[in-house]
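Contents: one structure, followed by commentary.
FYI, it's all coordinate maths here, none of it is from the lab. Keep in mind that this is a model prediction, so the values were computed, not measured. Neighbour counts run over all protein chains shown; Cβ positions are idealised from the backbone, glycine included.
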Amino acid sequence: MPRLPAPLTLPPDAPTDAEVRRARRRRRRSESATAWAFVTPSVLVILGLGIMPVVWSLLLSFQADDLVTPSRWVGLQNYHALTKDPNFRQAVHNTLLYTALYVPLSMVFGLLLALALNRRIRLVGLYRTLIFVPFVISATAQGVLFSFILDPEFGAANSVLHALHLPAQGFLTDPGQALYVLVAISLWSGTGFCVVIYLAALQDVPPSLIEAARLDGAGRRHLLWHVVLPTLTPVNVFLVVWQVIESLQVFDLVYVTTKGGPLGSTTVIVYFIWEMAFQNFTAGYGAAAAYVLAVALLVIAAGTRVLRRRGPARLEGATR
């Protein structure tokens, strides 16, 4: 039986360009609405807990406010008073001294330990873990622990000194020792972070550079100084910035151990800000001190960008 021909049907009308554009706009609006539905909670959290407090504290720094009675606009008087406050100058001095000691020592000790652990030795994984564990312990727990150990009367440290026939020390109760003891506690915990970063960087050093240097007769000292250290320049920049920011913001360790004492020898900037705002109820004055610290951190961040731009050129020159 012969097959019948298929019936002829007219093709549907093709959509016009205007309809295509409208469909695309509807799809984009739908995708945007879906995206904003997911992003909005995070944006509200950032605005509520990040941007709004920053703006509010900036306005607060130009006011006299005790957090109870209505505030009074005083302009730049809070900032002017900071320049004449001996307690603020002492806090700045203590913070800078703490930073000048903690940052280079933590990096040097971290690099030395990383070089020692970057070898195939027995139980190297255990050693790396033991060095990093103090870093994950909270500063509050560290403060409580060392407050017991360094207690001048009943602490284990003075018991060991007594057993060695050495004079007892005041440690955290001695104005001449307290800040240096805090630096030592911070080194005990913060060096592990530098060790981990340096270990990762050392394992990324190109083996071809090391082999080429050895073929040229370079010893261990020359290999370290002329090959390994130049390749660690970006890591050094990162660690300097990270450790400086951490040291400028130290607070919890000071609060738990010394509370700024004895005689203000451990009062750092952040503790000074907290003391002014929540102990002396001069919130505007504390906010002004906080913005002085914020400006210092911004200067450090700007300097970091300059170093990062110069870092690749230096690194390229070192690897040639």
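Which of LEU202, THR129, SER147 sits farthest toward the positive end of the charge dipole of the stretch 115-236, with +1 on the Cβ of Lys and Arg and -1 on the Cβ of Asp and Glu?
Towards the positive end, the residue furthest out is LEU202.
Roughly speaking, what % of Cα-Cα pairs in the chain are separated by over 23 Å, rounded to a whole number?
In whole percent, the share of Cα-Cα pairs in the chain beyond 23 Å is 72.
Where does the stretch 73-143 land on the Kirkwood hydrodynamic radius, alpha-carbon pairs, in angstrom? Kindly include the intermediate steps, with their values, before the conclusion.
Numbers: mean 1/r = 0.0622 Å⁻¹.
Taking the inverse mean of 1/r over all distinct Cα pairs, the stretch 73-143 comes out at 16.1 Å.
As a check on your grasp of the helix formula, calculate [θ] at 222 nm for the chain: sum -39500 (n - 2.57) over DSSP H runs of n ≥ 4, divide by the residue count, round to the nearest 500.
-22000 deg cm²/dmol
Do you know the relative contact order of the chain, to the nearest whole percent, from alpha carbon pairs under 8 angstrom that are 6+ apart?
For the chain, the relative contact order is 26 percent.
Build a GNM of the chain with springs between Cα atoms under 10 Å: which of ARG21, ARG72, ARG220 gets the top mean-square fluctuation?
ARG21
Given Cα pairs under 8 Å that are at least 6 residues apart, what percent is the relative contact order of the stretch 114-194?
After rounding, I find 33 percent.
At 0.36 nm per residue, and after removing the present C-alpha to C-alpha distance, how many nm does the segment from LEU145 to SER159 gain when stretched out fully?
3.5 nm
Please compute the net charge surrounding LEU224, taking Lys and Arg as +1 and Asp and Glu as -1 over other residues with Cβ under 14 Å from its Cβ. Numbers along the way, then the final one.
Numbers: positive: ARG119, ARG214, ARG220, ARG221; negative: none.
Counting the neighbours of LEU224, the net charge comes to +4.
Filter the chain for me: DSSP H helices, axial length by Cα at least 24 angstrom, mean Kyte-Doolittle hydropathy not below 0.5. List them by residue number. Mind showing how you got there, number by number?
Working: long enough: 17-46 (42 Å, -0.53); 86-117 (45 Å, 1.09); 178-202 (35 Å, 2.03); 283-319 (52 Å, 0.72).
TM-like helix candidates: 86-117, 178-202, 283-319.
Would you please put 54-64, 159-169 in order of how densely packed they are, using the mean number of other Cβ atoms within 10 angstrom per residue and starting with the highest? Write down the numbers at each step before the final one.
Details: 54-64: 16.2, 159-169: 10.5.
Per-residue mean Cβ counts within 10 Å order the peptides as 54-64, 159-169.
Placing unit charges on C-beta atoms (Lys and Arg positive, Asp and Glu negative, everything else neutral), compute the dipole magnitude of the stretch 77-319 about its Cα centre in debye, rounded to 20.
With Lys and Arg at +1 and Asp and Glu at -1, about 820 debye.
Report the net charge of residues surrounding SER159, where surrounding means a beta-carbon distance below 15 angstrom and charges are Lys +1, Arg +1, Asp -1, Glu -1.
Here the charged neighbours net out to -2.
In the neighborhood of ASN280, defined by Cβ-to-Cβ distances under 13 Å, what is the net charge if each Lys or Arg adds +1 and each Asp or Glu adds -1?
Details: positive: none; negative: ASP65, ASP66, ASP85, GLU275.
Summing Lys/Arg as +1 and Asp/Glu as -1 gives -4.
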